[in-house]
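As structure tokens, the structure follows; a few thoughts come after it.
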Amino acid sequence: MKVILIQDVKALGRKGDVKEVADGYARNYLFKNKLAQPADKANMNSLNHELKLQMQREAAAKAKAESVAQALKDKTVVLKVKCGEAGRLFGSVTNGDVAAALEAMGYKIDKKKIELPESIKTLGEHSAVIKLHTNISVTVKLEVRNAAE
């Protein structure tokens, strides 16, 4: 019997896959636990429609990520932090600090998508990599300044 998986099923497949399974397995386990539905014409049409919508959403997200990457490519993010003698910071600059500075510039980016190559504990210029999409990332210059200036 052919079924369309509604959820990921271990050792069988991922959500949206069409699989051939034994009739008893489908009736007694997959349908009963709402893990799959029969692969009839109506359900296949619904699956195809959902896949088209998902591809459109993915394309829109990728286009948005590319436009944000182009906008951020030549930008410098200025971070004002408290520091002591000889330019040593009290603490360090974190992903959250960079995300807050980007949000102040008008770019809402999740702090989990920002990667700092090393811990920033001094004043000066540094860099950060922002992963906007699966294959789209941009390197942004960070300028760490003294808050007292």
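What follows is calculated from the coordinates using simple rules that are stated; it is not laboratory data. Treat the numbers as computed from the prediction; the structure is a model and nothing was measured. Quick reminder, even Gly has a Cβ in these numbers, built from the backbone with ideal geometry, and neighbours come from all protein chains shown.
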Cα-based Debye curve of segment 69-146 sampled at q = 0.16, 0.19, 0.22, 0.27 Å⁻¹ gives log₁₀ I(q)/I(0) of -0.54, -0.74, -0.97, -1.40
In nm, to one decimal, how far is the modelled label at Tyr25 from the one at Thr134, with both set 7 Å along Cα→Cβ?
2.7
Once you put a point 7 Å from the Cα of Met1 and another 7 Å from the Cα of Lys82, both along the Cβ direction, what distance in nm separates them?
6.7
Between segment 1-43 and segment 76-123, the Cα center-to-center distance that results, in Å:
48
Rounded, prolate or oblate: pick one for segment 2-60, where a ≥ b ≥ c are the square roots of the eigenvalues of its C-alpha gyration tensor, a/c under 1.5 means rounded, and failing that, prolate if a/b is larger than b/c, else oblate.
prolate
One finds, for Val18 and Lys64 with R0 = 35 angstrom and r their Cβ-Cβ distance, a FRET efficiency to the nearest 0.05 of 0.70
Structure-based [θ]222 nm, the chain - -39500 (n - 2.57) summed over DSSP H runs of at least 4, per residue, nearest 500:
-10000 deg cm²/dmol
Using alpha-carbon coordinates, inclination of helix 95-104 to the longest axis of the chain, degrees:
80
By the mean-Cβ-within-10 Å protection proxy, highest first, 96-105, 58-67 rank as 96-105, 58-67
Only Cα pairs under 8 Å and at least 6 apart count here; give the relative contact order of the chain as a rounded whole percent.
19
Using only Cα atoms, figure out Rg for the chain and give it as a multiple of 2.2 N^0.38 Å.
1.64
Nearest 10 degrees, 0 to 90: helix 41-72 Cα axis against the chain principal axis
10
